[in-house]
1. Scan region 11-24 for residues that are among the hydroxyl-bearing types (Ser, Thr, Tyr) and either surrounded by 10 or more Cβ atoms within 10 Å (Cβ to Cβ) or not in a helix (DSSP H, G or I) (or both) and report the count.
2. For region 5-29, enumerate the residues that are within 26 Å of residue 52 (Cβ to Cβ) and among the polar types (S, T, N, Q).
3. I'd like the residue in region 32-44 that is outside any strand (DSSP E or B) and in contact with a helix residue (DSSP H, G or I) (Cβ under 9 Å, 6 or more places away or on another chain) and, out of all such residues, is surrounded by the most Cβ atoms within 10 Å (Cβ to Cβ).
4. Considering (1) open to solvent by less than 70 Å² (accessible area, probe 1.4 Å); (2) without any contact (Cβ under 8 Å) to a residue 40 or more places away in the chain; (3) assigned to a helix (DSSP H, G or I), say which one residue 151 fails and leave the rest.
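The values are calculated or read from the model by the stated rules, or taken from the named source; none is laboratory data. Keep in mind that what you see is a predicted model, and the values were worked out from it rather than measured. Neighbour counts are summed over all protein chains in view; Cβ atoms, including those assigned to glycine, are modelled from backbone coordinates with ideal geometry. Side chains included, ligands, DNA and RNA excluded: accessible areas come from the protein's heavy atoms. Shrake-Rupley method; radii C 1.70, N 1.55, O 1.52, S 1.80 Å.
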Amino acid sequence: IGAIETLQDITGRKRAEEEKVKAYTELEQIFNSTPVGMRVIDRDFQTLHLNRRFMEMFDIDSRHFASGGPAGWDPEIMRTDRILMRRILKGDKYVEYEFRMRVREDEATFIVHASPYFSKDGSVIGVIENFTNITETRTLQNGIMRVAEIERQRIGQDLHDGLGQNLTAVTFLIEALKEKTAGR
C-alpha cells in the first residue's frame, strides 16, 4: 500500500562520464590526425587500434580484418611485428626498425618506431608502432650519393688529366735541364 522512493544525486557521475567521452573524442582526433601511421598490437599480434594514416599508407580497409585479426597482411609487416615484439619483451623501451615492401605496385621504405604498450599494472601487453614512409627521403639520399660520386670521379679525372699532364711536362723539362747542365 505504499512506495519507497530513493533519490540519489548522480551529478558527479554524469560529469565524469561527459569528461570521459570528451577526453576519448580528443584522443581519437589526435590519434587519427597525426601524419604518421600508428598501430597498437597485443602480444598475440592482433591489431587493437590503428589510425587512418596507417590505413592510407598501406592501402588497407576493413576487408583486411577478419575475426579481429589481419587477413592478407604483407608478410614483411608480420615479420617486422615479430622482431619488434621480441625486442620489446626483452626489455627495450624504444625500438627503431627499417623495412621495405610493395604498396600499390610500388616499392616503399618505412621506418618503424616502437615502444611498449603497458597495462594498468605496468606489464607489457603489446607494442605501439609509429610508421613513417621514408621512400622519398631514401630516393633523394641515393640521388645525392650518385651525384657526389659522379662529381668525385670528374674531379679525379680533371686532376689526372690536368695536373698529371703538367707534372709529366715538368718531369720532361727537368730531364732536359739535367742534360743541358750535365757538362757544367
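1. Number of matching residues: 1.
2. 25, 29
3. Among them, the one singled out is 36.
4. (1)
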